[in-house]
Amino acid sequence: MAYQFKQAKLPNGLTIIAEIDQDAHSAASGFFVKTGARDEARQLMGVSHFLEHMMFKGTDEIPADELNRRFDEIGARNNAFTSNELTCFYAHVIPEHLATSNDLLARMMRPALRQADFDTEKGVILEEIAMYKDMPFSVLYDACIEHHFGNHPLSHRILGTSDSVTALTRDQMADYFAARYSADNTIVSLAGKIDFDRAVDQLAALCGHWQQTAPSRDNSKPATPGGIFTLHDEKVTRAYTLALFDAPAVEDDRRYAAAILAQILGAPDNSRLHWSLVEPGLADEAQAGYEPHDGMGEFLIFTASDPKRADEVWDIVLKDLAALADSLTQEDLDRLLNKFITGATVGGERPADRMHRLGRMWAYLGRYSPLEEELDRLARVTIADLHNLLGSFPPSPITVGRLLPP
């Protein structure tokens, strides 16, 4: 697959990047804003996610129903997401509708933020928070990050809390928007069949008046002392355990080894935890993951089982962790590399996937790395790299949370 990378920066700091494939049959664009739950003051927790909803409520010129209708008319697959560190608004269309899609995305990035819409949507957000309180993993994850990160903003909940969202005002949201949704904190990522020069000219006309605010983020690593806690909930009938411990940051080259190690330990199938716990029927779920952030990262281990077997299940997790270094084989590396290559290749054929990868990478690292280079870097991970990683990021201290029936 031959792709051409191009980049441009407007005088106000807005960055535009693209992976161009003139043989593609579609095109995708996304506005990535480097802001999320970790950038919020604690009393404003949830404002980034709330703002994501408000973007779809229309601009001063385009009401919400017309905005949605225009996206529908061009057959766009459009949506948005908010994380701890990024907010993104995107659309995937056929190439002849890319200019219209970019126009709509750019305009919705400057929402009206009407008080009536704010009041209505606050009720929707509060219902969403209530819904997640019925999801065991979400309840346990929110509690775990609060224990793990303490007062650091990485402990913030993306949805916020019922109290923080209830107390939030429209003017506080507008102030946060003005400070964080600036030109120099936004990246426009494009992929597929693109006329780059035309796109840059269009975006300059649409976004060239956006203000600069020079926003910043504290990337210092917080203390993570670990600890064990237990929650009880009358609505649950299973035992859920979630553990967090330190891992490489997103800018750390050891992230490649971390991604592989997490899969060896706890991929949904054919992993250490799968064969130790799920296959013999000791647990319903047993998975591990790796989450990189600015400044630090974390490994996650999650299990769900019969409450009577919770201790037994966790003992097996600890045994698998202790034996992991000695059990690593070249076969593990080869098998996972083939899975990564297959997944990346399939995703690389979709402009939407390439757009997301490109936008995330630039938002975190501020540079471009072709997909082929990323796969090559994964292929060069060795058993020694995995051993060194385990030595540098041992599962201690570790935060362990349990959610159990009464």
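The values are calculated or read from the model by the stated rules, or taken from the named source; none is laboratory data. Computed from a predicted structure; not experimentally measured. Glycine gets a Cβ as well: all are built from the backbone with ideal geometry, and neighbour counts include every protein chain shown.
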Does the stretch 62-84 contain any residue that is modelled with pLDDT of 95 or more, in the same structural domain as Lys193 (by TED's automatic domain parsing), basic (Lys, Arg) and under 28 Å from Val250 (Cβ atoms)?
-> yes
Counting only strands (runs of 3 or more DSSP E) entirely within the stretch 1-81, those with at least 1 residues that are among the basic types (Lys, Arg) are 4-9
What do you reckon, is Ile383 surrounded by fewer than 15 Cβ atoms within 10 Å (Cβ to Cβ), at pLDDT 95 or above and of a type in the set (Val, Ile, Thr)?
-> yes
Failed item, numbered, when Gln263 is tested on (1) surrounded by 13 or more Cβ atoms within 10 Å (Cβ to Cβ); (2) polar (S, T, N, Q); (3) closer than 30 Å to Arg367 by Cα; (4) at pLDDT below 95 = (4)
Collect the residues in the stretch 218-260 that are of a type in the set (Asp, Glu) and buried (at least 20 other Cβ atoms within 10 Å of the Cβ), keeping them in residue-number order.
-> Asp246
Mind listing whichever residues of the stretch 57-75 are in contact (Cβ under 8 Å) with a residue 40 or more places away in the chain and in contact with a Leu (Cβ under 6 Å, 6 or more places away or on another chain)?
-> Gly58
Of (1) surrounded by fewer than 21 Cβ atoms within 10 Å (Cβ to Cβ); (2) of a type in the set (A, V, I, L, M); (3) at pLDDT 95 or above, Ile301 satisfies every one except (1)
Residue count for the stretch 378-406, restricted to those that are among the aromatic types (Phe, Trp, Tyr) and closer than 23 Å to Tyr240 by Cα = 0
List the number of the failed condition for Glu373; all other conditions in (1) in contact with a helix residue (DSSP H, G or I) (Cβ under 8 Å, 6 or more places away or on another chain); (2) closer than 16 Å to Glu251 by Cα; (3) at pLDDT below 95; (4) part of a helix (DSSP H, G or I) hold.
-> (1)
When the stretch 309-328 is examined, which residues are found to be without any contact (Cβ under 8 Å) to a residue 60 or more places away in the chain and either closer than 14 Å to Trp275 by Cβ or charged (D, E, K, R) (or both)?
-> Asp311, Glu312, Asp315, Ile316, Lys319, Asp320, Ala323, Asp326, Ser327
